[in-house]
Amino acid sequence: MHRVLEHVDAHLDRPLELNELAEVAHFSPFHFHRLFSAWMGETLGEYLRRRRLELAAVRLVVQPRAAVLSIALSVGFGSAEAFARAFKVRFRCTPSAWRRLEAARRARERRALHRNPDQAFSNPDQAFSNPDQAFGNPDQDPAVPGGHDGTFLDPFAEAPMNVKIVERQPAKVAYLRYVGPYGQPVSEFWQARVYPWMVTNNLLGRPRYGVSLDDPGVTAPEKCRYDAGVELPAGFSAGRDCLTTTIAGGKYAEGAFRGKVADIGEAWNALLRDWLPASGMQLDGRPCFEYYPPDAGYDAHTGIFSCSIVIPLAPL
């Protein structure tokens, strides 16, 4: 089923038929449809429509110069009219109105943040993850940078932000998936599930990735997906307790973060809300992720940890 969801995300720009997805899952179409509904809590048709519309809602915001029709086609709708009708049912406004409303909301957030930066981190549920709470070395210096040039993304600071544009190589990872609200539950997932799995498979000391596959501002909290991944050594044989995938290479913006779990959500917001619009770039279809190098710092006494927050870039 994980392979099916990965296949869906990679091919949302075209029709996806039941027989094709059943073949990916190695089930008969009849059994696949029943199992998919039982496993996902929604039918295949409902899932495909939801993913198309949620991805479109994100792209309308992060690809501000893309035409509405272009975005509609990129998520598998055959016309702007069909897309607009479905979008209005799901989000209660037209795609163009959504784009304007979200741009205005982000502008208000920027103004409010600059007026009162002390309130920037009032919502701890915005945080994504902190795998170093599970297995970080408490004796490490928490100021070890997540990036490679010693600079940090300071979410309390106004622009300019310390962000690098880098060319990353593809990385093959094994991962476990969490589904549910982001924030503290993700940290608990790293501690309760991922760390024991890493110990069992001799994966400690490897680079780690926290891949957020959904936007919590669009997707319902109980349906948000997060993959906790570890870069694989040569010759690693994945067992039945995990799946493997490749994090795509290419151009990314990378900001080094240092702070607590409650801070990282606003750091993500600052990168996407403040830095990206001023960069002359936009997001493409690859997922955003947190990158934890083997020497990522974590201080067990203060809860301060370091990582890089990474977003994929494409020209406007």
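Rule-based calculations on the coordinates, nothing more; no lab input. Please read these numbers as outputs of a predicted model, since none were measured by experiment. Here Cβ is always computed from backbone atoms with ideal geometry, including for glycine, and neighbour counts include all displayed protein chains.
Ranked for footprinting exposure by Cβ neighbours inside 10 Å, fewest first, Glu222, Glu188, Glu102 give Glu222, Glu188, Glu102.
Enclosing the Cα atoms of the stretch 255-316 in their convex hull gives a volume equal to 81 cubic angstrom per residue.
All other residues whose Cβ lies under 13 angstrom from that of Glu46 are scored, Lys and Arg at +1 and Asp and Glu at -1, for a net of +4.
In terms of distances greater than 27 angstrom between alpha carbons, the cross-link table entries Lys164/Lys260; Lys88/Lys164; Lys88/Lys260; Lys172/Lys223 yield Lys88/Lys164; Lys88/Lys260. In a simple Cβ point-charge model (Lys, Arg +1; Asp, Glu -1; nothing else charged), the stretch 160-216 has a dipole of about 260 debye relative to its Cα centre.
Relative contact order of the stretch 1-104, taken over Cα pairs closer than 8 Å and 6 or more residues apart, is 24 percent.
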